[in-house]
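All remarks here apply to the structure that follows.
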Amino acid sequence: MSLRVYNRLIACFEGKYQLILRNVENFAERTSVPFSYAALLLMSSLWFCTNFGMALCLAKTVLARWMNPIFIEIENQKKITALASTIDTLEAQIASQEVFIDTLQKVIQGKSTAAPASPPEEIPPPAVVSKPPKEVPTGTLPEVEATQKSIVPTRPLAKKNMKKRKQTTTGLFFSPMNGMITEPFNPKNGHYGVDIVATEKQPIKAISAGVVVFSDWSVDTGWVIVIQHHTNLVSICKHCAVLFKKVGNLVKAGDVVALMGNSGEISTGPHLHFELWQEGMALNPEDFINF
């Protein structure tokens with residue numbers, strides 16, 4: 001019995017057949033398709049394998065985004081790692097900005113700032129000299145900034161180092177105000193800028209293009225505006241009467257940023273106290289600007 005069934009199956013697979021399609025109304029032949037069971041089995045196997053392969057490929061790629069929890073977890077881990085790296089970068093930037101802002105605020109308020117970690121050999125170690133304020137002679141112009149409570153330690157620049165700094169601050173600078181210098185740059189006495197006297201409420205101009213990083217009131221120095229220029233050069237105008245620029249404003253060389261005044265507790269008369277700083281080092285404005 002089994003041999004007969006086997007023979008019939010062999011005959012069935014080896015036999016060739018023809019599928020004829022006829023019209024129902026007149027039984028006219030429409031088309032005919034030759035086939036065999038072996039060919040039919042082969043086509044079915046190929047169709048099944050093709051569909052199975054496509055389904056497996058989709059399950060590993062496209063469908064995995066919605067159905068495979070492991071794939072979703074891996075993608076989330078990648079996003080978390082990228083966010084953590086971004087947060088670390090932002091924290092480092094914020095810490096650097098906080099140090100810069102803290103140093104700048106100490107400079108504005110006349111408080112001490114830390115000296116650089118590794119000073120050049122040409123620069124001697126920092127020295128802090130505290131002297132009492134000079135008495136103002138009768139009939140002379142007021143001496144300002146001599147009564148500051150704390151003094152910022154600075155390093156006197158060697159001639160070679162000063163040449164390097166002048167090279168890094170190359171460019172033509174506008175004079176912030178036309179007037180007479182009554183108190184020159186004297187870091188030994190805690191005077192880190194120059195005092196300029198002119199007519200009251202005379203315009204104060206930006207010495208070069210830059211961005212305003214501070215524009216506010218200080219108890220000791222009154223209305224203060226700080227502008228950061230190229231090569232990390234910072235200019236500071238103190239004791240102003242009116243400020244025309246806010247933090248974040250861009251200024252061009254010669255733009256009016258404030259008016260000269262007599263604001264602040266340590267000011268003894270209408271004048272402008274002007275300072276130049278670069279990388280935490282006080283510079284003599286007369287070395288770069290013709291007043």
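The values are calculated or read from the model by the stated rules, or taken from the named source; none is laboratory data. What you are looking at is a predicted structure, and each value in this text was computed from that prediction instead of being measured. So basically every Cβ, Gly included, is an ideal-geometry build from the backbone, and we count neighbours across all protein chains shown. The accessibility values were calculated without ligands, DNA or RNA, using every heavy atom of the protein model including side chains. Shrake-Rupley method; radii C 1.70, N 1.55, O 1.52, S 1.80 Å.
Rank-order 270-279, 25-34, 54-63 by packing density, defined as the average count of other C-beta atoms within 10 Å over each peptide's residues, highest first.
270-279, 54-63, 25-34
Can you give the FRET efficiency to the nearest 0.05 for Gln77 and Tyr37, using r as the Cβ-Cβ distance and R₀ = 41 Å?
0.20
Working from the alpha-carbon coordinates of the stretch 217-256, get Rg over Rh, Rh being the Kirkwood radius.
0.96
Calculated FRET efficiency, Tyr17 and Met54, Cβ-Cβ r, R0 25 Å, to nearest 0.05?
Computed FRET efficiency for Tyr17 and Met54 comes out at 0.25.
Ignoring ligands, DNA and RNA, what percent of the 1.4 Å accessible area of the stretch 173-234 is carbon and sulfur?
56
Label Val219 and Phe291 with points 7 Å out from Cα along Cα→Cβ: what is the distance between them in nm?
That separation, rounded to one decimal, is 2.8 nm.
Can you list the residues, at least 5 places off or on another chain, whose amide H is less than 5 Å from the amide H of Phe214, using H built in the peptide plane?
Residues meeting the amide H criterion: Val226.
Could you report the accessible area of Val24 in Å², rounded to 10, computed with a 1.4 Å probe on the protein chains as they sit in the structure?
In the full protein context, Val24 sits at about 120 Å².
Determine the order of Asp195, Asp255 by accessible area, beginning with the largest, at a probe radius of 1.4 Å.
Correct descending sequence by accessible area is Asp255, Asp195.
Pulled fully out, how much extra length does the chain show between Trp47 and Leu63, if you take 0.36 nm times their separation in residues and subtract their Cα-Cα distance?
3.6 nm
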